[in-house]
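Please treat every number below as a calculation from the coordinates, not as lab data. These figures come from a predicted structure and were not determined experimentally. In this analysis, Cβ positions are derived from the backbone assuming ideal geometry, glycine residues included, and neighbour counts consider all displayed protein chains.
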């Protein structure tokens, strides 16, 4: 078997964000193993303290086959009664998750019968400079490896959009303006030539 896969582009560690669906909202899976939600149900958007989310999935192989032990952990800052209310309702419940890593890939973890259980640890710290936070986790054991999630993620339309900050970026080619990219937008260039660029203040 060939494990000499070339790495192209950047390779960033960490998790950008994740989505979770409660077991009661899951209808089943399609032929590729992707989770299907019941009609009118949505994936819930999850975010955490910057650079605190981590996904790991160690496997164990025995005579009966291979089992996986997926774990998604992260931190959420500051005790608030409204946050505690949400976390309290989630503790001990089972979920499937979709993880977006820092390289833009979507990974589905869990499936009906093999979901991940949610838990938290609260810590106020000792000093005013310490973080007042929750450490949360989704943990489980599965016989199925994670699935690459390749379709649109249905999210509740009432989910607030992330605010965009900063000014648009102007793209020039040979001194001529060719595009203005808004904050959060993207601009793709396809060419057979090597390009040089300069970012101006």
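Which of the following residues is farther than 28 Å from residue 10 by Cβ and in contact with a strand residue (DSSP E or B) (Cβ under 8 Å, 6 or more places away or on another chain): 59, 101, 121? Quick ask: steps written out before the conclusion?
On the way: 59 fails: farther than 28 Å from residue 10 by Cβ; 101 fails: farther than 28 Å from residue 10 by Cβ.
Answer to the selection: 121.
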(message) So, in the range 106-152, exactly how many residues are farther than 23 Å from residue 52 by Cα and assigned to a loop (DSSP other than H, G, I, E, B)?
(response) 8
(message) For the range 72-87, give me the residue count where each residue is touching a strand residue (DSSP E or B) at 6+ places or on another chain (Cβ under 9 Å), on the phi < 0 side of the Ramachandran plot and outside any strand (DSSP E or B).
(response) 4
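Count, please, the residues in the range 89-108 that happen to be surrounded by fewer than 11 Cβ atoms within 10 Å (Cβ to Cβ) and under 19 Å from residue 140 (Cα atoms). Let's see the steps before the verdict.
Applying the first criterion (surrounded by fewer than 11 Cβ atoms within 10 Å (Cβ to Cβ)) to the range 89-108 yields 92, 104.
Cutting the leftovers down to under 19 Å from residue 140 (Cα atoms) gives us 92.
Summing the residues that are surrounded by fewer than 11 Cβ atoms within 10 Å (Cβ to Cβ) and under 19 Å from residue 140 (Cα atoms) in the range 89-108 gives 1.
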(message) I'd like to check something: does the range 23-41 contain any residue that is within 14 Å of the chain's Cα centre (by Cα) and surrounded by 14 or more Cβ atoms within 10 Å (Cβ to Cβ)?
(response) no
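Take residue 46 and tell me if it is buried (at least 16 other Cβ atoms within 10 Å of the Cβ), farther than 28 Å from residue 132 by Cβ and under 18 Å from the mean Cα position of the chain (by Cα).
Numbers: buried (at least 16 other Cβ atoms within 10 Å of the Cβ): yes; farther than 28 Å from residue 132 by Cβ: no; under 18 Å from the mean Cα position of the chain (by Cα): yes.
No.
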(request) Kindly indicate which of 70, 58 is surrounded by fewer than 14 Cβ atoms within 10 Å (Cβ to Cβ) and closer than 19 Å to residue 139 by Cβ. (result) 58
